Each structure stands twice: as structure tokens, then as C-alpha cells.
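A short write-up of the structure that comes next.
Read-outs throughout are calculated quantities, based only on the coordinates presented, and are distinct from any laboratory measurement. Note that this is a predicted model, so its numbers are computed, not measured. Backbone-built Cβ (ideal geometry, glycine too); neighbour counts: all protein chains shown.
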Amino acid sequence: MQSILGVPMTTIVMVVTALFLGGLLILLVIGLRDRLLLRLALRNVPRRRAQSALIALGLALSTVIITTALNTGDTISHTLRSLVAGTVGRADEIVVRPRRDARRIGFDNVQSVANGTFLTGTLQPFEQSEADRLAAALANEDRVAGVMPASVEQVVAVNTSNGELQTQLRLYALPRQYPPVFGSLTDQSGKPISFASLDQATVILNQEATVALQAEVGQRLLIQVDGRTLEVTVAALSRSGDLTGVQATIVMPLDELQRMTETPGQINQVLIANRGDATTSVLLSQQVSARIRPLLVDPEAARNIHGLLRSEIAQAELTAALPGLDDRSQGQVQALLAELEREQPSDQFAAIISDPELERRLFALSGRLAAQQGRAGTSALATLSTLRVLEVKRLSQELADRWGAALTTVFVVLGLFSIATGTMLVVLIFVMLAAERRTELGVLRALGARRGRVAATLLYEGLVYDLVAAAIGVVVGIGIAFGLIAMSASVLAGFGITLTPRVEPVSLWLAYCLGAVVTMVSIAASAWRASRVSIVAAIRDLPEPPQPRNSRRPLVVGGLLVVSGLLTTYLSAGSRYALPSGAGVVLTTLGLAVVVRPFLVRLGLGARSADRLRYSLAGLFLILYWLLPTDALTWLGHLRPLPRSVDLFFVAGLTLVLGAVLILAQNLEIGAALARRAGAHARGGAIVMRLALAFPVQHRFRTGMTVAMFGLVIFSMVVAAVLLTGTHRAYSDPEAMAGGYDIRVDETAGGAPPLRQLLESALAVRPDDFSAIGVITNRPAEAIQPGTDVGVWRSVSLNTVDDEFTQTVHSGFSGRAVGYDTDAAIWEAVRTESGFAIVAGMAVRSRDVEPAPISIFRLAGAYRENLRFAPASVWVRDTRGGKAVKLTVIGVLDPRATFGSGLFTSPGTLAAADLPAPSRTASYLRTAPGEIAAEKTLGLNISLAASNLRASEIGEDVRRILGLRMLLNDMLQAFIGVGLLAGIAGLGVISMRAVVERSREIGMLRALGLTGRAVQATFMLEATIVALLGIGVGVGLGIGLSERLVQFISREFPEIVFSVPWGQIGGIAMFAYVAALLTTAWPAWRAGRVHPAQALRYD
Amino acid sequence: MTTTDTWLRSSAIVEARGLRKWYRTGAVPVEALRGLDVAVQAGEIVAIMGPSGCGKTTLLQCISGLDDFDEGEVWIDGTPLRGMRDAQKADLRARRTGFVFQAYNLLPVLDAAENVELPLLLAGQRGREARAKALRSLDAVGLHDRARHRPNELSGGQQQRVAIARALVNEPAVVWADEPTGNLDSDSATDILDLIEQLNRTNGQTFVLVTHDPRVAERAHRILRMRDGQIVSEERPNPSPARQNGQAQSGAGHQLPASGLGLQPVPPQSRPPGTAT
């Protein structure tokens, strides 16, 4: 993994290591100079072994969370990298001729890597002589180890011996004498296979293909490739790795493929391997591709663009764009400006402008300039080179790392809840530890120890626990990460992805150091708090005295909090992150609550009443701040950050729980009084209730911390459950996603005959197996919307929908133009009247989202949150220019629909335009009642493979996506749930401590006649009260914030609606409650068995 | 200003004027010390007695710098406590005073020698010197052979001896003791009192003791009786034969003039800080 939350991993590791080792060194130096305190601390550790073990486990939580997040990310990165290595083999770059309309994004890329189609499916054939030309040009290039022409195809194959059919096989055709750098072929026993001397129509299968086809040497295979059926014999079975990678692959000589498919001299890839081994060769990729690009550029197109960019306007625009670019792009633009000083374009110029990154940026600029100058700049850039060099290994590895980092980021943000809970547990544990040692700390102070030294004693003790706990945390974290990976293995297997667990030593070190640092900071805070003990009260074991009336501390501390809060809020204005402004509001509110104390006391309020009033009001404000609808208090809404970044989830959660706990902790007495009154007449229960309430009320800090720990984790689980349920319900509706169709048939190459015509003569399916067949064609085009501030042509995907599609599709619209009240009215208008169009949901932006300066068409005037909009006029034309056609957009398609992007209109509307033939056709089929979609899909594939068509079951896709969402839901819930352990452990620690602390009290009660059972019931009831308060806070606030978040999200994604998964939330609450009771059971049992005489002798 | 006042100011090791202290834990504040004045001369053993809740422990805590007071002023060895920062008070406790508590309050994870050397290390002494002094101090209380024993391996009397060794090890100007015999049986209590008396005689150290025990009071040079946050009387117990012998050696107790009750009503503002010595 290269980065987390956008920060480079190396930087994180260096900073965290420096903090950890620096802190450790400082503490060790101080400890060695003050050995007695060090000794005191170290000897305290084994005093109570069971308690020490519990403390170490509690402290391990932060490390567990961090380790789990990092390991999961590492595993995803490593798995994708392995898949890439298995797919691209030894090739670092490939030269291909991409189809103009082919564009893959996001998960498509990953899935294509997983199923081996990463290098296929979007390519067109070209002359093998291009490979020879490249090989000759690179012959003296030191950085290149080998150049090889190849044809790589995704094929369907059948083993004729056993009927085994496989649709996801790769056919890899190579020259008989290929450069050895690409790897060798060996049989299962490790002996080399003579590839050069393979007979005609023979192939080699690697291990994965052998298993998939259940094949043996000598068996015959039928391979469907490029519309032909090839009959071949298995000549040998090879081992995986080396040449073929781990994808199921059939290898054959290139000349044989060309002969059998009658495509002499045609290839679809040139593979280039750099010098170095499998890991170092990729480092040369950018240099090698820069060397290759000029060799692929059309000199005429380069001259055109050079001339276009030499204009003053162009150079001024390029210079003006510089400040907004990243370092790499800045360097490129500066180099480009230098090249534009020359009269004629150089190779360097060609290399720069054909760089894919810069090319994208230049596209819009050249289009604009071309329009101004009346020249064909856009098309010049488009025809710069028909062949492209792809840094396939580098890009796929980056993709793999990005996915790994993205997952880690999600886990880290969600893990923040658990880390916060763990931090509270650490504070709670050390507050209790300090409470236990209170008298000793008081004596140390009485003997002349300064506060710092007292704090250091606790800190050293904490350090021992911390170092051990971090190690435990790393081990447990690895275990949990592997558990999550195991959970996801079966679902991801459906996508062809096999997760390979991975433990990166650097991540383990980072997790250890980070966990240790987080814990150490919490311990330091607790130690500082403990060191402020009142000496007299500590020695005599009395409660801490209240703050003096005339103390200036509240004014100073509160004032500082207010100033820092206001400053943070002011400085964070406009930030896309919610954390700083959210933190600013919390600091200001708490500061105000602290500052007003002396004034309230001066007004005649008692100290306790003043505390209750100020903290309750502060808590109430913090809750209202996040939960009030924007319309309720406009000024509050302006102050509140919008949920545009994931960190809001965390900052809102923490603030809300803090607010609720402030109110609860300050009003426990009132609640307890009401509860006592309610239970006053309960036979035998009144005394138990009274005793169970007494301790939580007396120890407000502990109670508040435990409620907060429970509340925070339950809160995060509830919010995650509501949001995931909302998206799950929105995107698991096959009708909305696939328009009610069951099967989709795509072209694997151009020129396939119409599907209906093929079905007439198909072997395995009949036309009446399907009740509807809708066809969508697609071609790249340009669009412009007059009257908007974007006055340039932008690329758009232009689709036509045939009559049957508009009559049978079930998908609806998220926005309708005025005058069209129903979905049917829109589809009918598109079908029956020329000039009408609809736009894909993704081509409409939300009102709150700033329009991005991109070169892809977005409709202005209609927003996602608007159900109604005025019909919008859009002009479309071919990317090469030519006659434009006016379209009136009357509907925004449901964003869940998976029919493609851009604009949709009828074939008749486009008839008048001078547009090329569609480049891609997709047919959507609905099976007739009683027919099974899976069977029909197989039948279609058997029947249509020769016609360059491939069928896929849409329901299967939806199910897989559903499975993936469920998996994500489960994984996130399980991950967040780890934090629940902290809450439960906290309750356990409190209960155990309570038994020790109240031993005399229990003895006295037992001596007065209270039964052991009643004592046990008291403890269990106490745990119940605390756990239920936490669960109530978490569930209430979680549902409250989810409602607000869904309200916001639904403005952009109206399909997501608020709905509470009560069953799931009930399950979470029940689990938390039962676990809390189980944790308390043992201390309660011990309390019940306390012997009165022994307890009264205690101390 | 009388001649006696001048003499008192120059010889008092501890002095408090107009000392007031309120406790505000409940709804109604309780005035624990009601503007009392007190002075303790160097080398004196002063016993503070009175019924429970009369404020004797509060007085000890306020004049020893363990607790804050609301009004008045306290000087220890001429140094005023009011306005002193927490760290300065800690240093004062580490270098100039020693404490003995009713419950001994030894640190359970340290052995006797380590407990005794604690104040020295806190005062910044080097480890080896501190250990040597700690062993000498333990020797002085008759526990040299118990130096490596932890508190739970010692009897109550032995623990209190260790606590006294700890209180005396840094040669403090004054030792504060809160019910030093409260947790001890009769024989152990006598041993401890003998020890205190002997140390007072031989080292001239000042002891301020809070006690309910008349046997402790008997050994004091002066007894201050308190009621409701005020000193209501002062007594000089009849010296025991043992004390009469000892006084000849130390000369501390009998230096007090006959009229030196230590309760002279001196206006607080009349005394500039730090002028006692």
C-alpha cells in the first residue's frame, strides 16, 4: 500500500516511528535518571496479575483496529497485484490499438483484471509489421529486454472429450521463437516444453486451463475465437507461472492462430519487457513508454497540434493552467511550452502530447482552440496515433494500490470509532488504576514528589502495559483481518477474485507504533489527571474537594477553549472536511460551559446546580447542532458542515455521544430518583434498585465514560446499518437496474448481424423463448447545450433505443420535464416523436455539487434532486464535426439503470445527422414466462459465439453486486463491532473494580442481612442500567443522524430512502446487552460470595 | 510590639496567623478553622488534641502545606505558604519537612530501605548517598536488619518505625505526625513515643503531633487543645522522669519563656514575609 487518507505511507511510517521511538527514548532517559520512580512503576505491574492481563488486553484494542485496517488493505493490494501479475505476465508495457468507444472505469477494471479480460475485449487488430518496426527501433535501447508480437483473446472453449465448456479462458498466441525474457513453458515435472516445434492445430494448456476443461494431452478442444470455431489438440500441459501467469490460458503459436483464423500478419498486441526482474522492471516503465510514444505518433497530426498550440492564446491558457496542476503535470506542461518554442515538432514534443495524462487535459483546450480557429484540433488530437502504449504493469499496480488504500481508508475512518472507544477504555482503566493507588500517590506527593513525577510513575507503568498490549494487538489484529478476508472469500470468488492473505512487515510495524503511541497519549492524559490528586483527600481516602468558588481556572481554561474553538471554526471555513469545523464547535461549546461557571455561582446557584445547568445546556446544543433539520434553524445549518467527506460520520458521532453523555452524567441523580420512586413498592427489589443506582450516580465520570463507549460503538453500527440498508434496498432492485430484462447480449467484435435474425437459426434457443428484445446502439459523439456557461463541445456517449426497448423497458425516471407526468409518456414521446431524448442519471449533477471542469457532457438546468425541470435543448454531432442535430431532453433516467451513460434517443432522430455507424450494440432480452434465464444464457452463448456475441445473465450480475454489498455490510459491521469489545471490556473493568472497592460495603450489607443473591442482582442491575443507557444513546442518536444523512444523500441519489432495519439494530443491541451481562456475571458472582467477616477485616 | 513577640518571631519554626478554612462539600459550608493563631518553636514537641471533628487534622494539614487554607498566613521556617506554587510546596515538603501518618502509608512495592530513601531521591540526592542515609536512618530506629523487607513483611510497629525513619531521613526542620500511634498496640505505641522523644532529644527535631492518645500528649512539651476550629487551651504536661533527664541534653523545650504560649495575637499584616529567622 502506498498511501492512507492521501498521505504517503513512507511519511506516515517515518513520523509515527519517530514519535514512538522518540517518546520511548525520552521516557527511558528520564526513567534511568529517576530510577526509584521507574522501579516503583515496574513493581506495580505484577501486583495483580489478572488485572494486569485485563489492562493489557484493553489497551491492545487500538492496535487491533489499526492492524486489521492495514492488513485488510494490504491483502486487497496484494491480491490485485497478484492478479495483475498473473494477467500481464512479464510484460511491462503493451502497445495496442484501442477501440475508440471502449472506456472502463472503477470496478470494471478490477473485474477485467480478475477475469483476464484486462488486455482484451477493447482492442482492435493491427499489422504485425508494427511490432517488427518497434522491435527494430528499440533494438539498441538498454532499458528494453524484449519486444514480442502477440494476439491475446478471451475465448469460449469446449473439451469435446467430456463436454466441459468454459467461457473465461484466455488464448495467448506467441511467435514460436519469442524472446526468452517473457518466460518459459515447462511441464508439470519441470521439463521444458518445445513450443517452437508444436504441430499444426495443437495447443498447450496451463494448469488452471487444464483444471477448468478437465483436459488431458491428446484431447480435442473447440475454441470460439473471432467468429470462428477452431479445432485443436492438446499437445502438452504446462505449469502455471512464468509465461502464462495464473489465469486459465491456452497457448498456441501465433502463426497457427493467424493461419486458422485466416488473419495473416494480424496481431492485437505488442508486449514489451523492461530490463530487471519482476519487481524492478516496472520502475523503468515511464521512461520506456516515453521512448516508445514518439514511435507511434502520426507526424502529420503532431504537426497540426504543434501549430495549434503555438498560438499566443494556447500558450497563455497553458501558462494560466500551471498553478492548478500537480507536480508531474506541471513538469509536462513546462516541457511542452519549451517545445512550442521550436519551429517544428520534435520527438520529445510527440512524446509529451501523446502522454495519456496530458492528452486528456489538452483535449478540451484543443477543441476550444480548433473551434476558434476553424480547424480540426479535436480530431487531430484524436488521430495523433492509432496505436497506444500502455504502462500496463505500473498502472495496474497503481490501481491495485488505490483499491487497497481506499479500503484501508474506509476501515481507518470507521476504525476511528473503535480507536476512540479504545482510548476511552485506556483512560477509564488508568483512572481506576489511579483510584486504586490514590493513597500511594497522595503519600508520594506528601513526601515532596511534584505532579510531573507522580504522573511519570503512572506513565512508566502504562508504558509496560502499552508495549505488551501493542504486540498483543498486532497478533489479534492479524487474526481479525484474516477472519474478515475469510468472510469475503466466497463472495469475491464469484468475481473470479481469490483473496491472498498478506502481512506486510512495514504495516505491522506501523500498527504497533501507532497503537502504542495512541495508547501512550491516552495514558499520559490519564496520568496527568491522576497527578492532580488532592493530597489530603487522597491520604485520608476522602472524595476530591470541589473547586474553590473564587478560582480563576474556569475563566482561563474556558477562555482558551473558546478562543481555540472559534479559531479552528474560522480557519476551517470552506474546508471539505468536517472534522476541523466540527471540532471547533465542540471546543467553543465546552469552553463556554466552563467559562460561565463562576457567573452562575455568583448568581446564587450551588456548584452542583451550576454544573448540571451548564453541561446539560452544552450537551443539548451539541445534539441539536447535528440533528436539527437545516430548515429548523437556518443559522445553525450554515454553521454545520455538509456531509461531503467520510470524517463527518466520525466527528458527528463523537459530538452527539458527547452531548448525550454530558446530559446523562449531569442528571443521573434525577433519573435515579425517578427510578427509585418507580421501584419503591417492588417487593424486595427496592433495596437492590437503590444500591444498583448508588454507584453509577456517585461515580459520574466512570458511568459517563462507559455509557459513551457503548454509545459510540452502537451509534456507528446503527448509522452503518441504516445507510447500508438504504443503498442495499436502492440498488438491489432488478427492475430499476436492468429495466426488467434478464439477459444482455454484447458484441465481442464489430459487425454482428441483428440478434433477432440470428435467433431464427440458433441451435440452442428459439425466438419465442424471449418475450422482449430491446436494442441499444452506442457511438461516441460531442454535445453542446446552448444558453449555459459551458460553451464548448464536450464528448458524450450517444445511444439510440429501438421501439421495442421503449415499449418494454421497466426503468423509470428520477426527473421528468414539465408536461410529462408519467414514465410511459416520456418513453412514448422518444419513440413516436423525432427530436426527443432522455439523459442518463449520472449525466445530471446535484445542485450542491460544483460542476467539475471536465470534458464529458453534463446536462445543465436539471438537478438530481429536482423531480421537475424545463425541457432542455442539446445539440449533438460526430466527434469529427459535421452536421449537428438538436435534441430536447425530457427525462432523467433512474441513476440505478445500467443501460450506459450520456444521451438516449430514437434511431429516427439521428437519421438526419451525418453520424458514423454505431460502434457497439447491446440487446436486452426478457425470457418468456416459464423459461429459466440461466439456461437461456448458456443456450445463447453456445449459439452465438461464432457471431461475435456474448450473453450474460443480468440477474446474476445484480445478485453478485448484491452479494458484494452484503459482504461490505457484514465486513464493516464486523469491523465496527470490534470496538464493542472495548465497551464490554470497560463494563467488565468497572465491575471488577467495583467488587474490590466496595468489598467493605458488601461485607457490611451482608452483615446486615442482605443475601448473596441480592448482592449479585445489584451488580447485574447496575451493569444493565449502564449498558442500556449506552445502547439507548447509540440507537437514538444513530437513527437521528442517519435520517439527516439520508436526507442529504437523497438529494443527489433520490433512490436512497430512509428506512430503519429494526431487526438488525435489535440484534446489535441484544448482542451488546447480553455480552455486557456476561462480562459482569463473574465479578457479580464474586461479590455475592464475599464473606462478611473477611470483608470487614479487609484493608 | 512586645519583646516577647520579637523573640517568638525569631525562634518559631512554624507560625500561623488568622488561619481560616472552610469545607464546601455539602450544601452548607463548614468552617473548620476559625481564624486561629499558632506558633511552634524549633525543637519543640507539640501535641494537638481535641474531640473528633474539632479541626486538629485540618490544622496540621494547613500548617504543613498539604492543604490550602482560605484566610490567614502560615510560615514554615520563615517561608510563607500563601502564594507558593504547587511545585515549590512539593520541594518544601521534600527538603524541609517529614510526615508520619496513622496508617504508616508505606509504599507496598518498595522495601523498607527504598521507602526511607524516597524523600532523599525526591529532593534530588544521588542514589548511593541516599541509600547510605536511609540505612543510617533505619539503624537509628532499630530496623537495620529489616532494610530489605517489604511493608507486608513487617509488624505495625515496625512499619511505623520505617515511616518515622522516612520522615527523619532528610533531616527536616519539622516532622508532622497524624495519630502516629493510632493503629498500634500499647507496647508498640510506647516504643514509637520513646523513639520520637529520643530523636527530639538527640537531634533537636521539632515534632507536631495530632493525637487522641493521652500517653502521646504526656510526652509533648506543649498540648494545644482544640474545639470547633479554635485553640481553646494550652497545657504543659508534667515532665516525666525520663524527660527531665533528656531535657538537660537537648535544651529545646526549656528554652521557651514562661509566657511563650505560642498564641500571641499578632496582626497578620504587621509581619513581613520571610523575616522569622
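Tabulated results
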| read-out | value |
| --- | --- |
| Two-site FRET efficiency, A:TRP1085 against B:ASP145, from Cβ-Cβ distance with R₀ of 30 Å, rounded to 0.05 | 0.10 |
| Amide H contacts under 5 Å for B:VAL14, placed H, 5+ residues apart | B:VAL40, B:ASP77 |
| Calculated Rg and Dmax of chain A using C-alpha coordinates, Å | 34.8, 105 |
| Dipole magnitude of chain A, debye to nearest 20 (Cβ charges: Lys/Arg +1, Asp/Glu -1, about Cα centre) | 6680 debye |
| A:LEU674, A:LEU59, A:LEU384 arranged by Cβ crowding within 10 Å, fewest neighbours leading | A:LEU674, A:LEU384, A:LEU59 |
| Long-range HN-HN contacts of A:ARG176 with modeled amide H, under 5 Å | A:LEU254, A:ASP255 |
| A:SER834/A:ILE856 FRET efficiency (R0 30 Å; Cβ-Cβ; nearest 0.05) | 0.70 |
| Per-residue average of Cβ from other chains inside 10 Å of B:105-116 | 4 |
| Kirkwood Rh in Å, taken over region B:49-208 so that all alpha-carbon pairs contribute | 16.2 Å |
| Charge sum, other residues only, whose C-beta stays under 10 Å from A:GLU436's C-beta, Lys/Arg counted +1 and Asp/Glu -1 | +3 |
| Flagged links, alpha-carbon separation over 26 Å, of B:LYS56/B:LYS133; A:LYS393/A:LYS936; B:LYS56/B:LYS89 | B:LYS56/B:LYS133; A:LYS393/A:LYS936 |
| Restricting region A:426-509 to chymotrypsin sites (Phe, Trp or Tyr not before Pro) in coil, as DSSP defines it, with at most 15 other Cβ within 10 Å | none |
| Positive minus negative residues near A:GLY582 (Lys, Arg vs Asp, Glu; Cβ under 11 Å) | 0 |
| Helix axis angle, A:700-731 relative to chain A longest principal axis, alpha carbon, degrees | 20 degrees |
| Relative contact order computed over chain A (Cα-Cα under 8 Å; 6+ residues apart), in percent | 14 percent |
| Cα-projected label distance for A:SER329 with A:SER1059, points at 7 Å along beta-carbon direction, nm | 4.1 nm |
| Ranked list, fewest to most other Cβ atoms within 10 Å of each Cβ, for A:VAL1090, B:VAL14, B:VAL116, A:VAL1060 | A:VAL1060, A:VAL1090, B:VAL14, B:VAL116 |
| Neighbour-count ranking [beta-carbon atoms within 10 angstrom, fewest first] of B:HIS149, A:HIS306 | B:HIS149, A:HIS306 |
| Neighbouring partner chain Cβ atoms per residue of A:40-46, average, 10 Å criterion | 3 |
| Average Cα contact separation per residue, region B:44-94, under 8 Å, 6 or more apart, as relative contact order % | 20 percent |
| Average beta-carbon neighbours from other chains, 10 Å sphere, peptide A:439-446 | 6 |
| Cα-based helix-to-principal-axis angle, A:61-88 vs chain A, degrees rounded to 10 | 10 degrees |
| HN-Hα J in Hz across region A:528-533 - Karplus 6.51, -1.76, 1.60, θ = phi - 60°, x for Gly and Pro | 4, 4, 5, 6, 8, 4 |
| Backbone HN-Hα couplings from phi across region A:604-621 [Karplus 6.51/-1.76/1.60, Hz, Gly and Pro as x] | x, 6, x, 4, 5, 5, 5, 4, 4, 5, 5, 6, 5, 5, 4, x, 4, 4 |
| Förster-model FRET efficiency, 56 Å R0, A:ARG35 and A:VAL697, C-beta, rounded to 0.05 | 0.85 |
| Peptide ranges A:773-782, A:212-221 listed from the most packed, as the mean C-beta count within 10 angstrom indicates | A:773-782, A:212-221 |
| Cβ-defined net charge surrounding A:PRO696, 15 Å radius [Lys, Arg +1; Asp, Glu -1] | +2 |
